[in-house]
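Report on the following structure.
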Amino acid sequence: MNRSKLKQNINRKGFPFLKTSFFMCIIALALLACKNQPNGQEVPKNSPQDSVTQSLEKKETDKKVILFYGNSLTAGYGLDPTESFPAHIQRMVDSLNLNYEVINAGLSGETTSGGLKRIDWVMKQKVDVFILELGANDMLRGLPLVETKKNLSEILEIVRKKNPDIKIGLCEMMSPPNMGDDYVQSFSQIYKDLSMPNDVKLIPFFLKGVAGNPNLLLPDGKHPNAEGQKIAADNIWSVLKEML
């Protein structure tokens, strides 16, 4: 598909355009992520990765930036990009006439290690509010907790160094009960520990009310469906609104 036709298709869907080189480069990362889905899952058509490749061009704006940095949960895996929780939060922001632009930098399959590798580049763009949502894939892959904590800590440190005035939120992740009580408690404690010394706002488990409810999940039993994303957005907004 040529560029002009791609623009027409995007405009019909109502996706804005970004002209900054920073956001254009996310395209390459998204394409790489499409090739490496968790559990060998194939990326569906109209996936969040497609929206990243198609919609991260927009008119230059003087709005402040809220950047959601995470995995498939942030990306809105399996849904239309407008159904992801960052998209819902953008609508909440707009309804209050707040001068913020929400950027969805979620990549499916992302671990804390992968997030650490690309954070320097992502933070070349000025970000005013940074929301970190990573760790679930570490847990699912059985990666050492000490490694997950170290990676998250380094991400937060880099973000703070890039912009000392930035506001940071950390989304708490939780392990399913079948991992054992000790693991469940230790995994959740990572987020509580990191939220205190680094002046980071803890966003309590944002999938509360969604996780474990088949009516709010996709058939894979892991990712929120459209209704589940709305609940996730409400959970995050209850903390985020105080940061704006």
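The numbers here are math on the coordinates, done by the rules we state, and not lab data. Only a predicted model underlies this, so the values are computations on that prediction, with no experimental measurement involved.
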Pulled fully out, how much extra length does the chain show between residue 215 and residue 244, if you take 0.36 nm times their separation in residues and subtract their Cα-Cα distance? 7.2 nm
Please compute the length gained on full extension between residue 154 and residue 182, using 0.36 nm multiplied by the number of residues separating them and subtracting their Cα-Cα distance. 7.6 nm
Residue pairs, from the table 149/222; 150/201; 161/192; 63/150; 63/222, whose Cα atoms sit over 29 Å apart: 63/150; 63/222
Contour minus end-to-end for residue 234 and residue 92, with contour as 0.36 nm per residue of separation and end-to-end as the Cα-Cα distance? 50.2 nm
With bins of 10 Å, the percent of all Cα-Cα pairs of the range 136-225 per bin from 0 is 15, 43, 31, 10, 0
